Amino acid sequence: MRAIWKGAVSFGLVSIAVKLYSATEEKDIRFHQVHRTDGGRIKYQRTCSVDGEVVTYDDIAKGYDIGGGEMVILTDDDFADLPLSTSRAIDVLEFVPAEQIDPILFAKAYYLEPEGQAAKPYVLLRDALRDADRVAIVKIAIRQREQLATLRVRDDVLVLNTMMWPDEVRTPDFGFLDDDIETRPAELAMASSLIDSMAGSFKPDEFTDNYRAALQEVIDAKVEGREVVQPEEAEDEPAAAVDLMAALKASVERARKARGEDEAPAAAAAPAAAKKAPAAKKATAAKKAPAKKAPAKKATASSKPARKSA
């Protein structure tokens, strides 16, 4: 595990250096948005709704909508002087019985690990909480947000549970609450009997996420059937060609690859072209060479003398 926060538990005049770790993790199977045809990842750009330009992180500020189309823009300087006295401390406010805290207030759980020489005061606070059978109400600032939390003991480790603020819990407002609905004693007795017949002890290990398991089987079947798409890596911009022939050859190979053609025909065509080249050179040389005259035939004795013209 990797610590996400470092600070100290302020317990009266005692300071306990601790590290904070996420105690839970989601096991959901995550997917990426990809192009259906080639599996390439889908990218998004941050664009301004006014001028349509792409905006970098350095030019992004926080805006608060005050209504009527007006926006108040806050910068980092506006947040610098806000009162976050618990930025590096977990201040213990009071100790209360655990049953007084409504579970709806709990948000996220973290493990606390003692740092350096803080093991002894850490164990002291842990044992004191266990003996008192109470939980500590504390304040902590995580990611620039002050939160209410509790400290309790679980498996010999201090666990911090962040909580919602009271004004963050909604009040249920449903119409049936105003209706006068009565239940008959016989119905209530039957429902109680059903609850008794289904009573048991909660054992978390007995429950599984059936949907996640079935989805994982589908993914495994896809992998075993090799229905897997490996998107091609983005090619770098071509550099200036020094060797023209090499650049042309690389362009031909890339074009063939893009069309799904094999490189074998290209390789086979190269030797054939090399064989044709000498023959073509010989033919050309033959055309350019002057024709030799045939030797004159000698007159034989039996040849007749030419007739004299009249």
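The values are calculated or read from the model by the stated rules, or taken from the named source; none is laboratory data. As the structure is a computational prediction, the values presented were derived from the model and not from experiment. Note: ideal-geometry Cβ built from the backbone for every residue, glycine included; neighbour counts use all protein chains shown. SASA here: full protein model, heavy atoms, side chains in, ligands and nucleic acids out. Shrake-Rupley method; radii C 1.70, N 1.55, O 1.52, S 1.80 Å.
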Rounded to the nearest 10 Å², the 1.4 Å probe accessible area of K257 is 150
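Using heavy-atom solvent-accessible surface (probe 1.4 Å) with all chains present, what is the largest-first order of W165, W5?
Numbers: W165 70, W5 15 Å².
Order by accessible area, largest first: W165, W5.
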Protein-only accessible surface order, largest first, of M163, M71 at 1.4 Å: M71, M163
How much length is gained on full extension from D51 to A250, taking 0.36 nm per residue of separation minus their Cα-Cα distance? 67.5 nm
Can you tell me the alpha carbon radius of gyration of region 85-225 divided by the globular rule-of-thumb value 2.2 N^0.38 Å? 1.54
Among GluC sites (Glu not before Pro) in region 168-214, those in a DSSP loop whose Cβ has at most 11 other Cβ atoms within 10 Å are E182
Using amide H atoms built 1.01 Å from N in the peptide plane, name the residues 5+ places from Q147, or on other chains, whose amide H lies under 5 Å from its own. I140, A141, I142
Quick one: which residues, 5+ away or cross-chain, put their amide H under 5 Å from the amide H of A8? H built at 1.01 Å from N. V18, A89, I90
Cα-based Rg/(2.2 N^0.38 Å) for region 109-179, rounded to two decimals, is 1.53
So, with points 7 Å from each Cα along the Cβ direction, the V169-D131 label distance in nm works out to 3.2
Considering only protein heavy atoms, what is the solvent-accessible area of T47 at a probe of 1.4 Å, reported in Å² to the nearest 10? 80
Binning at 10 Å from 0, report for region 1-147 what percent of all alpha-carbon pair distances ends up in each bin. 8, 24, 25, 22, 15, 6, 0
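Which sequence of L177, L158 reflects their accessible areas, 1.4 Å probe, from the largest down?
On the way: L177 100, L158 0 Å².
So, going from the largest accessible area down, we get L177, L158.
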Here is the link list: K62/K139; K43/K222; K120/K203; K43/K108. Which ones come out longer than 27 Å on Cα distance? K120/K203; K43/K108
In nm, the gap between the two label points placed 7 Å beyond Cα toward Cβ at R145 and L177 is 2.5
Pull up all non-local amide H partners of R134: gap of 5 or more, or a different chain, and H-to-H distance under 5 Å with H placed in the peptide plane. none
Length gain on complete extension for the stretch S22 to F207, per 0.36 nm per residue less the alpha carbon to alpha carbon distance? 64.4 nm
What list of ³J(HN,Hα) values in whole Hz, one per residue of region 100-111 in order, does the Karplus curve 6.51 cos²θ - 1.76 cosθ + 1.60 (θ = phi - 60°) give from phi, with Gly and Pro shown as x? 7, 9, 6, x, 5, 7, 6, 10, 9, 10, 9, 8
